[in-house]
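These notes concern the structure reproduced below.
Each reported figure results from applying straightforward, stated rules to the coordinates on display, with no laboratory input. Bear in mind the structure is a predicted one, so any value in this text is a computation, not a measurement. Counting neighbours? That spans all protein chains shown, and the Cβs are built from the backbone with ideal geometry, glycine included.
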Amino acid sequence: MIRIDLHVHTNFSGDATISPKFIVNQLYSHLFIKGIAITDHDTLEGYNHVRKLAATYEDILIIPGIEVSTRWGHINILGVEEKPGDWLTIDGVVDFARERGGVIVIPHPYRGSGIGERMSNIPADAIEVFNPHSTYEQNKMAEKLARAKNLPGVAGSDAHDPNEMWTAYTEVEAEPSVEAVLNAIRRGLTKAKSARQP
Ligand SMILES: [Zn+2]
Ligand SMILES: [Zn+2]
């Protein structure tokens, strides 16, 4: 089992201040979270820096990801190292992810920038059921949605600043490799965790 923060932004997101170097150092020294998915807004640049910096560290896992801004809300794709074109429709994002073997996660479905009820039309692989920036009710609704759709629940800190890191993570029943983790998410071998609760 590996514990992974599946939603983190670097300063390449524009609205975030966490440097790739800080992320790698923090992840390496964290006591039990040993993986991270870099999910910057519409760029892989931060991920590429983190990946390069992390290459010399052992026992930490970096998962490529991107938080795609569609006109209808955010969609996270894990496991792709490419950025989709601009102004994609939701179907376009789904096709993009599927063609590249990516895992589609619906982040914070009920927050302002969330997909909301449009989610029903998206063949997602997982729902973000805990996001520390969402309200208690919004997270509860996301949990309900995951149950109704019979989809795995995942969690991530959605950290934009260093003090927001590690507030949520996902326990994934998998070996610490990108492929194994993506497959385990697809199969629902996940547990969403809040780091604020014991
Ligand atoms: Zn978002
Ligand atoms: Zn985000």
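Tell me the label-point distance for the pair R98, T56, using the 7 Å Cα-to-Cβ offset, in nm and rounded to one decimal.
4.3 nm
I'd like the FRET efficiency for K83 and N163, computed as 1/(1 + (r/R0)^6) with the beta carbon distance as r and R0 of 30 Å, rounded to 0.05.
After rounding to 0.05, the efficiency reads 0.60.
Tell me, in nm to one decimal, what length is gained between S194 and L31 on full extension, where the rule is 0.36 nm per residue of separation less the Cα-Cα distance?
That works out to 57.1 nm of additional length.
Identify which of E117, E81, E67 has the largest mean-square fluctuation in a Gaussian network model of the chain, with springs joining Cα atoms closer than 10 Å.
In this elastic network of the chain, the residue with the biggest mean-square fluctuation among E117, E81, E67 is E117.
At a Förster radius of 35 Å, what calculated FRET efficiency corresponds to the Cβ-Cβ distance of K21 and K144, to the nearest 0.05?
According to the calculation, E is roughly 0.35.
Cα-based Rg (one decimal) and Dmax (whole number) for the chain, in Å?
15.0, 43
Need the list of aspartates and glutamates near K21 for cross-linking: C-alpha distance under 17 angstrom, and skip anything on the same chain fewer than eight residues off.
Leaving aside aspartates and glutamates fewer than 8 places away in the same chain, those within reach of K21 are D5, D40, E45, E58, D59, D161, E164.
Tally Lys and Arg at +1 and Asp and Glu at -1 over the other residues with C-beta under 9 Å from the C-beta of S13: what net charge comes out?
So the surrounding residues net to -4.
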